[in-house]
Amino acid sequence: MSKNIDKLLPEDFGKSFDMEVFHNWKKSVNEHEQTGIISMVMYVIGLAAIIIIGGLIGVGLMFAFMLIAIAISAPKMSKRKRFQRQLGINNRDVVNAIAASKKRQ
């Protein structure tokens, strides 16, 4: 998705934006995707802990790793949503803009 986000222009949304906020939004989307990958790794480690160790210790480790993953991901998601609110766009607008940028190319 980050390749698609990097190619987006304000014209794809059909709006004009403050370019600094728009650039920060694109940067925050890329950061959020990176933390998403880290979160998925943490989830897999948690599931592996429950499979390998089992019992209450495994369940405790699984929940600990999942809480860590949420703690890592939540601030980046909040930052992305804040920039989206400043720009006045929602996720559906982003999907439509990606489709418009693909037609443009």
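The values are calculated or read from the model by the stated rules, or taken from the named source; none is laboratory data. This is a predicted model, so every value here is computed, not measured. Here the Cβ positions follow ideal geometry from the backbone for every residue, glycine too, while neighbour counts run over all protein chains shown. Side chains included, ligands, DNA and RNA excluded: accessible areas come from the protein's heavy atoms. Shrake-Rupley method; radii C 1.70, N 1.55, O 1.52, S 1.80 Å.
Look at the range 39-50: where a residue is farther than 17 Å from S73 by Cβ and a partner is assigned to a helix (DSSP H, G or I) and open to solvent by less than 40 Å² (accessible area, probe 1.4 Å), sitting 6+ places away or on another chain with Cβ atoms under 6 Å, you get A49/G58; A49/M62; I50/G58; I50/M62. Name the residue that is most open to solvent (accessible area, probe 1.4 Å), counting only residues in the range 1-29 that are under 21 Å from S73 (Cβ atoms) and of a type in the set (A, V, I, L, M). Step by step, filter the range 1-29, then rank; the result is M1. Residues considered: I50, I98, I89. Of these, the only one that is in contact with a Gly (Cβ under 6 Å, 6 or more places away or on another chain) and either closer than 30 Å to L9 by Cα or part of a helix (DSSP H, G or I) (or both) is I50.
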